[in-house]
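Encoded as structure tokens, the structure appears first; notes follow it.
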Amino acid sequence: MDKQVVKRWPIILTGIINDIISRQEALRKDTNLTPEEQDAAIREGVDIVREISRIKAEMSRDREMPEIEQDDGPVVDEFNQQLKELGEKGTWFKAPWLYAELVDSYLFHQSPTVF
């Protein structure tokens, strides 16, 4: 589990952050948007980058994995219940291997809640 948390996931999240920053730069040059629309989109990008950076920092410090916000997804309640049952093992480094495989899904499920 540690290998994915330390190497793979930060690379993925950094890629997302870099993509958002690139899109923000493109927004600044987009003449089809009003200045207000550009500012709003850029602020939203800043908020998304901030949230992804927070998740990356929590991973690197082996903090507890937060529950997924309910979005009417079919497995959110089940995932959150299993996360509670892990107790002290519900951290980025300590989660059991099989649960760690679900964490891949967790990350990608958590991403849309940021957006």
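Computed quantities for the displayed model
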| quantity | calculated |
| --- | --- |
| The one condition in (1) within 30 Å of LYS89 (Cβ to Cβ); (2) outside any loop (DSSP other than H, G, I, E, B); (3) modelled with pLDDT under 90; (4) of a type outside the set (A, V, I, L, M) that ARG28 fails to fulfil | (1) |
| Enumeration of residues in segment 20-36 that are under 18 Å from ILE48 (Cβ atoms) and of a type in the set (S, T, N, Q) | SER22, GLN24 |
| Matching residues, segment 17-29, being of a type in the set (A, V, I, L, M, F, W, C) and either open to solvent by less than 40 Å² (accessible area, probe 1.4 Å) or over 18 Å from the mean Cα position of the chain (by Cα) (or both) | ILE17, ILE20, ALA26, LEU27 |
| Residue match in segment 70-77 (condition: in contact with a helix residue (DSSP H, G or I) (Cβ under 6 Å, 6 or more places away or on another chain) and open to solvent by less than 40 Å² (accessible area, probe 1.4 Å)) | no |
| Near pairs, Cβ below 9 angstrom, 6+ apart or cross-chain, from segment 76-99 (more than 16 Å from VAL6 (Cα to Cα) and at pLDDT 85 or above) to any residue that is small (Gly, Ala, Ser) and open to solvent by less than 60 Å² (accessible area, probe 1.4 Å) | GLN82/GLY90; LEU83/GLY90; LEU83/ALA95; LYS84/GLY90; LEU86/ALA95; LYS89/ALA95 |
| Filter pass, LYS56 being of a type in the set (Lys, Arg) and either open to solvent by less than 70 Å² (accessible area, probe 1.4 Å) or at positive phi (or both) | yes |
| Among residues of segment 1-25, those that are among the aliphatic types (A, V, I, L, M), touching a residue at least 40 places away in the same chain (Cβ under 8 Å) and assigned to a helix (DSSP H, G or I), counted | 5 |
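The values are calculated or read from the model by the stated rules, or taken from the named source; none is laboratory data. Here the structure is a predicted model, which means the values were calculated and not measured. Here the Cβ is made from the backbone with ideal geometry for all residues, glycine too, and neighbour counts use every protein chain on show. What goes into the accessible areas is simple: the full protein's heavy atoms, side chains included, and nothing from ligands, DNA or RNA. Shrake-Rupley method; radii C 1.70, N 1.55, O 1.52, S 1.80 Å.
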